[in-house]
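Novice: One structure, pasted below without further comment.
The values are calculated or read from the model by the stated rules, or taken from the named source; none is laboratory data. Everything quoted here is computed from the prediction, not taken from an experiment. Just the protein is used for accessible areas: all its heavy atoms, side chains included, with ligands, DNA and RNA removed. Shrake-Rupley method; radii C 1.70, N 1.55, O 1.52, S 1.80 Å.
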Amino acid sequence: MNKKFLDLGYQPLANKYLQKYKKLSPKKKELYKLTVGFNTKTKLVSLIKKIPDKQMFDENYPYKSSMSNTMLASFKKLSKKIKKKFKPSKFLEIGSNDGALIKNFDKKNVVCVEPCSNLAKITKKKGYYTYNNYWNFSLAKKIKKKFRKIDVIYSANTLTHINDLNNVFKSILYLLDKNGVLIIEDPSFLECIKKVSYDQFYNEHIYVFSAISLKKLINKFGLELFDIEKLETHGGSLRYYIKKKNNHDIKIKKSVSLQLSKEIKFGLNKFSTYKKFGESAQRSKNNLLKIFDKLKKENKKIIGYGATAKASTVLNYCNIDNKIIDYFVDTTPDKSNRFIPGKNIKIKKYKKTLLDNVDYIYLGAWNFKNEIFKKEKAFIGNGGKFITHVPSPRIINK
Ligand code: JHZ
């Protein structure tokens, strides 16, 4: 049974950045109620109202993985590891985005799957074999027919974005070689709860996995975890290494039981833990608003940095508009001169001078704090400060 524990109010679709601001309405289905539930049987956390995949991932998807050096470095490191450890002759990435990971692989070894045609075009143009398709069973059949053997399947921040998880794993099971390895990485619910990062929830994050829930889910498909790595990316993620149960050549590492027991100890198998998280989100909202309120009474100039999908959740949940945040800066070309979803706050193409005469910056991309602080040494040196809500609302400069 899916029991509700978090209510983030009416929200627009994240990653839909309008060129002209207009007030959105729930009646016209431009806003929808964003609530999150915990399934007491499967232990899976999911959105209660799910938006169809086709409405979210289309030919205008603006997010590009290559916009952050942190992600590029993480992908480079992982590629080296995959090549050394698993030596794949055919490597498939589900949700290859703009090719931030696969650019580290030889073209002849790679198959890309990407439903957003604007992104698929990028990897195709670079010569990578790309299917501009949603991940599903009929695509898996098509790929198997053409390539026969896929020995490593990788997917970062994508499988949790697909409504039908049964179809996702059924298709993976079908395509993956008997000795093959599946590697997936996604935000960790344990980190999300520890950091009160309720902004990990927006329409695209249909599910947020814990190791507990993922183990249960893949078990149904004859798959099992054999290693888990903890990553700092995207606010704290887990990289899960998965194999077929009947492959006894790969040994199961201690990291799996360690993560599972950590999660059980924290209470991730009990609804009461989730309920408390919902209450913490409400407190986080009130405390963030208090900070903004105080600073605006002092006539401080505040802007936002990183027009993330996460920021869209925060600004709509807390009802923050351009009376509080003058504008956002972001490096993504397809976000510039557009508006934060549901809000009248403009996004400007990042340039250093946009930080002149600014007193405070709200960190929309708090997950890239280190990268951003390094870049904005001059702003900090001149007395500029940042506002974040993670792990609790506060003002920081280091
Ligand atoms: P970032 C998206 O979420 C959507 P978002 C998606 N659902 C998902 O799961 C994750 O990505 C992976 C900008 N930026 O990665 C670039 C700067 O301007 O936190 C991006 O717009 N300057 C697929 O949107 C944004 O911040 C910088 O120096 O929450 C970061 O978005 C840096 C480092 C970033 O993902």
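Novice: Under 5 Å between amide H atoms, partner at least 5 residues away or on a different chain: which partners does N133 have, H built in plane at 1.01 Å?
Specialist: Amide H neighbours of N133, under 5 Å, 5+ apart: E114.
Novice: So, one more: Sorted by accessible area (1.4 Å probe), largest first, how do D199, D249, D53, D106 line up?
Specialist: These residues rank, largest area first, as D249, D106, D53, D199.
Novice: While we're here: If each Cα of the range 176-260 is one equal point scatterer, what is log10 of I(q)/I(0) from the Debye formula at q = 0.11, 0.19 Å⁻¹?
Specialist: Summing over Cα pairs of the range 176-260 leads to -0.31, -0.84.
Novice: Between the range 325-339 and the range 35-70, what's the alpha-carbon centroid distance in Å?
Specialist: Going from one Cα centre to the other spans 21 Å.
Novice: Within the range 242-374, what percent of beta bridges assigned by DSSP are antiparallel, to the nearest 5?
Specialist: Around 15 percent antiparallel, to the nearest 5.
Novice: With everything on Cα atoms, drop me the angle between helix 69-86 and the longest principal axis of the chain, reported from 0 to 90° to the nearest 10.
Specialist: Computed tilt is about 10 degrees.
Novice: Find the percent of Cα-Cα distances in the range 236-382 that exceed 23 Å, and round it to a whole number.
Specialist: More than 23 Å apart: 53 percent of the Cα pairs in the range 236-382.
Novice: What angle, in degrees between 0 and 90 and rounded to the nearest 10, separates the Cα long axis of helix 137-147 from the longest principal axis of the Cα atoms of the chain?
Specialist: 60
Novice: Heavy-atom accessible area of K121 with all protein chains present, probe 1.4 Å, nearest 10 Å²?
Specialist: Number for this one is 140 Å².
Novice: First compute the accessible area of the range 198-335 with a 1.4 Å probe, then give the percent of it belonging to carbon and sulfur atoms.
Specialist: About 51 percent, which is the carbon plus sulfur part of the accessible surface.
Novice: Here is a follow-up. From Cα coordinates alone, what are the radius of gyration and Dmax values for the range 127-211 in angstrom?
Specialist: 14.8, 45
Novice: Sticking with this one: If I histogram all Cα-Cα distances within the range 261-300 using bins 5 Å wide from 0, what percent of pairs lands in each bin?
Specialist: 6, 21, 15, 13, 13, 10, 8, 7, 6, 1
Novice: Here's another thing I want to ask about it. Compute the projected area of the convex hull of the Cα atoms of the range 253-330, averaged over all viewing directions, and report it in nm² to one decimal place.
Specialist: 7.6
Novice: Keeping every protein chain in place, order D164, D7 by accessible area at 1.4 Å, biggest value first, i.e. largest first.
Specialist: Sorted by accessible area, descending: D164, D7.
Novice: Could you tell me the accessible area of Y21 in Å² (1.4 Å probe, neighbours in place), rounded to the nearest ten?
Specialist: 100
Novice: Also, quick follow-up: Tell me the per residue accessible area of the range 332-395 using a 1.4 Å probe; a whole number in Å² is fine.
Specialist: 46
Novice: Provide, for q = 0.29, 0.31, 0.32 Å⁻¹, the log10 of I(q)/I(0) from a solvent-free Debye sum over equal Cα point scatterers in the range 201-246.
Specialist: Taking Cα atoms of the range 201-246 as identical point scatterers yields -1.09, -1.14, -1.16.
Novice: Counting just the Cα atoms, what span does the range 2-116 cover along each of its three principal axes? Round to the nearest Å and put the largest first.
Specialist: Here the Cα extents, ordered largest to smallest, are 51, 43, 24 Å.
Novice: Right, next: Express the Stokes-Einstein translational diffusion coefficient of the range 15-73 in µm² s⁻¹, to the nearest whole number, given a Kirkwood radius over alpha-carbon pairs, 37 °C and a viscosity of 0.692 mPa s.
Specialist: Taking Rh from Cα pairs, D becomes 220 µm²/s.
Novice: Mind ranking S261, S312 by accessible surface for me, highest first, 1.4 Å probe?
Specialist: S261, S312
Novice: For the chain, modelled as a GNM with alpha-carbon contacts under 10 angstrom, which of K170, K149, K265 fluctuates the most?
Specialist: K265
Novice: Not counting ligands, DNA or RNA, and with a 1.4 Å probe, what is R239's accessible surface area in Å² rounded to the nearest 10?
Specialist: R239 has an accessible surface of roughly 10 Å² with all protein chains in place.
Novice: When Rg is the radius of gyration of the Cα atoms in the range 328-386 and Rh is its Kirkwood radius, what does Rg/Rh come to?
Specialist: Using only Cα positions, Rg/Rh for the range 328-386 is 0.96.
Novice: Using θ = phi - 60° and the Karplus form 6.51 cos²θ - 1.76 cosθ + 1.60, what ³J(HN,Hα) does each residue of the range 264-281 get, whole Hz, x for Gly and Pro?
Specialist: Here the 3J(HN,Hα) series is 5, 4, 6, x, 5, 9, 10, 4, 4, 5, 5, 4, 5, 4, x, 5, 5, 5 Hz.
Novice: Count the DSSP beta bridges whose two residues both fall in the chain, then state the antiparallel fraction as a percent rounded to the nearest 5.
Specialist: 50
Novice: Suppose a student asked you for the relative contact order of the range 50-170, using Cα pairs under 8 Å spaced at least 6 residues apart; what percent would you report?
Specialist: 28
Novice: A follow-up question, please. What do you get for Rg/Rh of the range 226-298 when both radii come from the Cα atoms and Rh is the Kirkwood radius?
Specialist: Value, to two decimals: 1.22.
Novice: Report the percentage of all Cα-Cα pairs in the chain whose separation exceeds 34 Å, rounded to a whole percent.
Specialist: Considering the chain, 29 percent of its Cα-Cα pairs are separated by more than 34 Å.
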